[in-house]
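A short worksheet on the structure shown next.
All of the numbers you see were taken from the coordinates with simple rules; none came from a lab. Everything quoted here is computed from the prediction, not taken from an experiment. Here the Cβ is made from the backbone with ideal geometry for all residues, glycine too, and neighbour counts use every protein chain on show.
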Amino acid sequence: MPVMVHKYGGTSVGTVERIQAVADRVLAARREGHHMVVVVSAMGETTDHLVDLARQITTQPNQRELDMLLTAGERITMALLALALEERGARAISFTGSQSGILTDERHGRARVTEIRPHRVREALNKGAIVIVAGFQGVSREREVTTLGRGGSDTTAVAMAASFQASCVIYTDVDGVFSADPRLVPGARRLPHVGYDVMSTLAHAGAQVLHARCVDLAARYHVPLEVRSSFTDGEGTMIGDPASLEGPAIRAVALERRAAHCVLEGEDCAPGAEASVLEALSKLDVPIELLSLESSAGRVRLSWPLAEDEAAAFEEAWKTSSPAAGRWRLSIARGGSLVTIAGSDLAGDADVALAGARALSRAEIPMLGARATSLSVSFLVPAARADEAVQRLHAELVERKAG
């Protein structure tokens, strides 16, 4: 039988009743002729509760011990789901990330999967068991428990699917991927198909439906990926190779609500200084996409947006790791939001950035910066105007285009 991977997020397993419903859904998929691997998140707000407990003890918890603490949440869910399946007469077994063979690097709190050795998972499947895997966690080569960062259970599921050449269904509390957050834009439409490239752009730009790294991993290994609701039986969104997807070109709007504007300036710079500083930036473990690069008369100015938590990590890494840090002045302005229009039809469409800027200007929404790529156009705006910016851009560049 082919292997199918299901992943259930925190709201999908938030109560015992929801876990019972997940067990029924997993068994239905099993009856359709699949070996089942089920990746689960912690129940509801469990992870937040565990973080709060740690911060009641210390404002700066040791990251290794925090990883040990946080992985308890997924272990609770996986055991409860295994019990629910056994109560229904199925054979089930639960594994932690390390027991599942999920190997990572050694970065606590933001580890990356380096290899999957699912020997125990494969053996259990061959014996007819449904395998429940704790998402969000793995083990380093030094045998230290690690976590993959918020949303990391999605990455666990795709990594498992890739190792078994299986399809993957991400079950969540929404009906699929929408052209904007329906809570901000009631008229947002469900997208039946999205290419890996556009979905990756949306995820990296703040869309909360999928973990960005899981989309990139799915694209690399051509994992068929679907997003569906665990609360209804309606259709979801298929994510795959753009060339194999039917339908019109996609446009959608994503919001990174808490963004910072980073500016790096150097004076009396020698020719080519911008290349050397860009090289220094590339060696830091923080994603950087430039808003602008200005170079004239020995002065170089670079600016780019980052999520606020990434900005703090970047600031520390720049001061401690970059040999150029002492010759450049870094300033970070917080309190902004990044609104991004993503689409498979943006390359060569020079009107998108201009139309977006005009829409924001008519609404008197200040633009702190802008960035255009072949797949996206982004505007940095004051956080207090972010919701309105999403609504305006969706109306002008998504609804009108679709119509």
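Distance between the pseudo-spin-label points of residue 143 and residue 83 (7 Å out from Cα toward the beta carbon): 3.0 nm.
With contacts defined as alpha carbon pairs under 8 Å and 6 or more residues apart, what's the relative contact order of region 3-173 in percent?
Once divided by the residue count of region 3-173, the mean separation gives 30 percent.
For the options 384, 275, 342, a Gaussian network treatment of the chain with springs between C-alpha atoms closer than 10 Å singles out 275 as fluctuating the most. May I ask for the distance between the Cα centers of region 92-146 and region 361-400, given as a whole number of Å? About 41 Å separates the Cα centre of region 92-146 from the one of region 361-400. Alpha-carbon geometry of the chain: the Rg and the Dmax are 22.4, 76 Å, given in that order. On a 0 to 90 degree scale, rounded to 10, what angle separates helix 63-87 from the longest Cα axis of the chain? With rounding to tens, the tilt is 40 degrees.
A viscosity of 1.306 mPa s and a temperature of 10 °C, combined with the Kirkwood radius over Cα pairs in Stokes-Einstein, give a translational diffusion coefficient for region 254-402 of 97 µm²/s.
Shown is the FRET efficiency for residue 120 and residue 184, computed with R0 = 51 Å from the Cβ-Cβ distance and rounded to the nearest 0.05: 0.75. Considering only 387, 24, 351, the Gaussian network model of the chain with Cα springs below 10 Å gives its largest mean-square fluctuation to 351.
The magnitude of the dipole of region 3-173, with charges of +1 and -1 set on the Cβ of Lys/Arg and Asp/Glu and taken from the Cα centre, is near 480 debye.
With semi-axes defined as the square roots of five times the eigenvalues of the C-alpha gyration tensor, the equivalent ellipsoid of region 3-173 measures 26, 19, 12 Å, largest first. Structure remark: mean-square fluctuation, Gaussian network model of the chain, C-alpha springs under 10 Å; the largest value among 216, 67, 268 belongs to 268.
Taking GluC sites (Glu not before Pro) as exposed when DSSP calls them loop (any state but H, G, I, E, B) and at most 14 other Cβ atoms lie within 10 Å, what is the longest stretch of the chain free of them, the sites themselves excluded? It works out to 143-234.
The simple spin-label model puts a point 7 Å past each Cα toward its Cβ; for residue 232 and residue 165 those points are separated by 3.6 nm. Any idea which of 22, 108, 278 is furthest toward the positive side of the dipole for the chain, if Lys and Arg beta-carbons carry +1 and Asp and Glu beta-carbons -1? Going by the Cα projections, it comes out as 22.
Within the set of other residues whose C-beta is less than 10 Å from the C-beta of residue 1, count the net charge using Lys and Arg as +1 and Asp and Glu as -1.
0
Per-residue ellipticity at 222 nm, computed for the chain from helices alone with -39500 (n - 2.57) per DSSP H run of at least four residues, works out to -11000 deg cm²/dmol.
Expressed to the nearest 5 percent, the antiparallel share of DSSP beta bridges inside the chain is 60 percent. Straight-line cross-link partners of residue 127 among the aspartates and glutamates, defined as a Cα under 17 Å from its Cα and at least 8 positions apart when in the same chain: 86. For region 154-293, the Stokes-Einstein estimate of translational diffusion at 20 °C and a viscosity of 1.002 mPa s comes to 126 µm²/s, using the Kirkwood hydrodynamic radius over alpha-carbon pairs. Charge dipole of the chain (Cα centre as origin; +1 on each Lys and Arg Cβ, -1 on each Asp and Glu Cβ, all else neutral): 500 debye, rounded to the nearest 20. Taking the charge dipole of the chain about its Cα centre, with +1 at Lys and Arg Cβ atoms and -1 at Asp and Glu Cβ atoms, the residue from 367, 397, 34 reaching farthest to the positive side is 34.
Spatial offset of region 7-79 relative to region 155-219 amounts to 19 Å, using the alpha carbon center of each.
A dipole drawn for the chain from +1 and -1 charges on Cβ atoms has a positive end, and of 163, 225, 174 the residue lying farthest that way is 163. In this simple spin-label approximation, residue 65 and residue 112 carry label points 7 Å from Cα along the Cα→Cβ vector, and these lie 2.9 nm apart.
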